[in-house]
1. For the chain, what does the relative contact order come out to in percent, with C-alpha contacts under 8 Å and a separation of six or more?
2. With an 8 Å cut-off on Cα pairs and a minimum separation of 6 or more residues, tell me the relative contact order of the stretch 197-388 in percent.
3. Let's see if you can work this out: charge +1 on each Lys and Arg Cβ, -1 on each Asp and Glu Cβ, no other charges. What is the dipole magnitude of the chain about its Cα centre, in debye to the nearest 20?
4. Where does the chain land on Rg(C-alpha)/(2.2 N^0.38 Å)?
5. What translational diffusion coefficient, to the nearest whole µm²/s, does the stretch 197-388 have by Stokes-Einstein, given a Kirkwood radius computed over alpha-carbon pairs, a temperature of 10 °C and 1.306 mPa s viscosity?
6. Could you give the length gained on full extension between Asn247 and Gln309, defined as 0.36 nm per residue of separation minus the Cα-Cα distance, in nm?
7. In degrees from 0 to 90, rounded to the nearest 10, what is the angle of the helix 197-225 Cα long axis to the longest principal axis of the chain?
8. What's the ranking of 296-307, 204-215 by average number of surrounding C-beta atoms within 10 Å, highest first?
Amino acid sequence: MAGSGCQPGGKCLTFEPKGKFREIAVAVKGMTILWRWLRTRPSPRRVHLALAVRITVAAILALVAAQQLGLPLPLWAVLTAMIVTQMSVGRSLKATGDYLAGTVGGAIYGGLVAVLIPHEGEIALLVVLVIAVAPLALLAAGRPNMNVVPITAIIILLLPGMTHASPAASAINRVLEVAVGAVIGLAVSFVILPSSAHRQMRQAAARIIDLMARAQAALIDGLRRGLDTDELHRLQDGIGQGLNDLNTIAVEAEHERRARLSSQADTGPLRRTLLRLRHDLVIIGRAASMPLPEALAARLESRLDEIAQAASTYLRACSATLLAHAGPPPIEALERALAAYEKDVEAARADGLTRVLPADGTERFFAVGFALEQMRQNLIDLQRVVEEWGPKDTGD
């Protein structure tokens, strides 16, 4: 914010901000330093630290705003600002919409019940409480995003007895307090260290692909020596949890797209491709529960090693290029390895090595071939998806 200028004679003038402008300059400089430090942190930790900063700022601003506006209970503004300040802009948009809709609905219903049904005594109050809560609890049970509706109705019904305000005034104040907190929380999500759900989607997908690269090598190696159930679960569970998290982030990313806050690639093709690749790994894992017969393992060992190496290298390259916004890596090495494997399988069948297999062994052997072919198709799809999320996808 400070500036300087030099006169022709060489004398330089320095301008320093004064008063409130100096305070603003210090705050901006502090935020700039904080943001630069956060960018040096590992990605998950950076996201968590940025969220902590946003929640803290939102709580402080909500309290100040509520006090300046003279709202009777600033607590609700502060709590609302903290609730709607979420991990990403897309999640904050959804939380704000749900919370405002639930608050307005609960305030209207609770206010009407409180005004229209007398409840002076304890028994009457219990009856009115049942009337107010029961239908809204049923609504919230079917629509979890509306769980604030019965809570708001309870507050509107019971709070006037503590504050000596009318039910109508209590409902209006509640809506105003929540609206102030929601607006501030959403504004902070947009302005203070904003986090895009699409960026989180990219990072989560890259982590899943990297997990698949490691699992792929271990599962193909297991075709020779066999894998026990615990080892199979260890390889697969992390991928499954990652896909669940990815689906959650994708919903937030689509909120950003619908609000025209992002023009990035559709999340659907990426999610579906990773899910199909996970299914391929599950099929290979089932086949790897027991090793291949010794004669087939000896014939195909080198080809399986080539496939494991090529597939893992390709998946790791896809993970890296997805993070780097780069174009997709070449897939020709993997296709050559799979073609060589298919050729050796045909040779093994011609030599009669598959005729001596038991029924379950034959089933596992051909399931591996099917899974590898499906994997090839799905990795080609992954190449296309990475290209969609690549250099053309410039915003984040």
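1. Normalised by residue count, the contact order of the chain is 16 percent.
2. 32
3. In total the dipole reaches around 1460 debye.
4. Details: Rg = 29.9 Å, N = 396, 2.2 N^0.38 = 21.4 Å.
After normalising by residue count via 2.2 N^0.38 Å, the value is 1.40.
5. 91
6. 19.4 nm
7. 30
8. Ranking, from highest mean packing down: 204-215, 296-307.
Here, each number is a calculation from the coordinates, and none is a lab measurement. In this text the structure is predicted, and so the values were computed from the model without any measurement. Neighbour counts are summed over all protein chains in view; Cβ atoms, including those assigned to glycine, are modelled from backbone coordinates with ideal geometry.
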